Amino acid sequence: MEHAKDTPSMSLLGLLKSMVAATRPRQWTKNMIIYFAFFFTINQRWDPQDLNAVGTLFGKATLAFLLFSLLSGATYIVNDIFDIERDRQHPKKRLRPLASGRLSLPVAWGTALALILAALTFAFLLEPLFGIVSVIYLTIMVIYNLALKRMIILDVLTISAGFVLRAVAGAVVIQVPISPWLYICTGLGALLIALGKRRNELAMAGDNPGSQRDTLDEYTPRFLDQLISVVAPATLVAYILYTFTADNLPSNYAMMLTIPFVVYGLFRYLYLVHKKNMGENPEDILLTDVPLIIDILLWLSMAAFILLVFRA
């Protein structure tokens, strides 16, 4: 395969497209977790009738989403730089801008550093504590790329930590406390997704899984299924406990009405992982699986109704 040094000079538009593609925009959906703090503080931090407050807080959350998207996009580029040779052996990842040669290493490094500098600068200007959380996230992701992604179990725990930091970032940017249970649910849910991803990566890797990811030589389908069988019920139990123990929820336990949607969502995800082998790209599940999309919308609608009507 010919790579960047052998390809003809690209047009500026083509180069820009490759730079954007390298940041994996489809995976920016993970950063929607930043909105959790805004959503779950309806009638607590902000009154829906106070449009000025709504606009200010939603605007800050949206800026945080965009900045985290730039920051996470930079970490994806760095990840692809470190994995460029391995990605060239993968049936799908070989089509990524770096692995395919559409984006050169110098341009990739320059893009990543520019995104990091811009994201962190504006993060501190937006809210200093949000900037600190952003630095922590970046540090963990760099360590992940350098070492942790090659360590069994620590690789998926690091991914889970990244999601928790997104939830924390969403809270600090609008300066609200949210229930620790929500952090626990986020962490466990993200861990479940990471385990499902590893399971499907292993299923698709063929006879030499370690050539695509070091830890795939250490994981086995049975071991991953055992981990999933622990994390999935733990996620559900954590959410159930959240619905009737969190101090900032309505005292009539109405939030428990959202439990069936979470049960269905977990079951649907496990079905897609085990039956449809879709876990390798969880962002595709979120964007394309209609039953799961409908379930998420119903869950959000029910939660919003409960918080609007019953929260004092």
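The values are calculated or read from the model by the stated rules, or taken from the named source; none is laboratory data. If you're wondering where the values come from, they're calculated on a predicted model, not measured in any experiment. Heads up, the Cβs are rebuilt from the backbone with ideal geometry, glycines too, and the neighbour counts pull from every protein chain shown.
General remarks:
- Residue satisfying all of: in segment 196-232; in a loop (DSSP other than H, G, I, E, B) and without any contact (Cβ under 8 Å) to a residue 24 or more places away in the chain; farthest from Glu85 (Cα to Cα) among these: Thr220
- Put simply, of Phe261, Phe267 the only residue that is surrounded by fewer than 16 Cβ atoms within 10 Å (Cβ to Cβ) and either in a helix (DSSP H, G or I) or touching a residue at least 40 places away in the same chain (Cβ under 8 Å) (or both) is Phe267.
- Unmet criterion (only one of (1) surrounded by 14 or more Cβ atoms within 10 Å (Cβ to Cβ); (2) under 21 Å from Ala169 (Cβ atoms)) for Leu117: (1)
- Selection count, segment 38-57, where residues are assigned to a helix (DSSP H, G or I) and farther than 19 Å from Val133 by Cβ: 6
- Residue match in segment 65-88 (condition: among the basic types (Lys, Arg), surrounded by fewer than 18 Cβ atoms within 10 Å (Cβ to Cβ), closer than 18 Å to Val20 by Cα and in contact (Cβ under 8 Å) with a residue 24 or more places away in the chain): no
- Candidates Ile193, Ile143, Ile136 - the one that is in the same structural domain as Ala234 (by TED's automatic domain parsing) and either part of a helix (DSSP H, G or I) or closer than 30 Å to Trp46 by Cα (or both): Ile193
- Residue in segment 132-162 that is surrounded by the fewest Cβ atoms within 10 Å (Cβ to Cβ), counting only those that are within 13 Å of the chain's Cα centre (by Cα) and under 11 Å from Phe68 (Cβ atoms): Gly162
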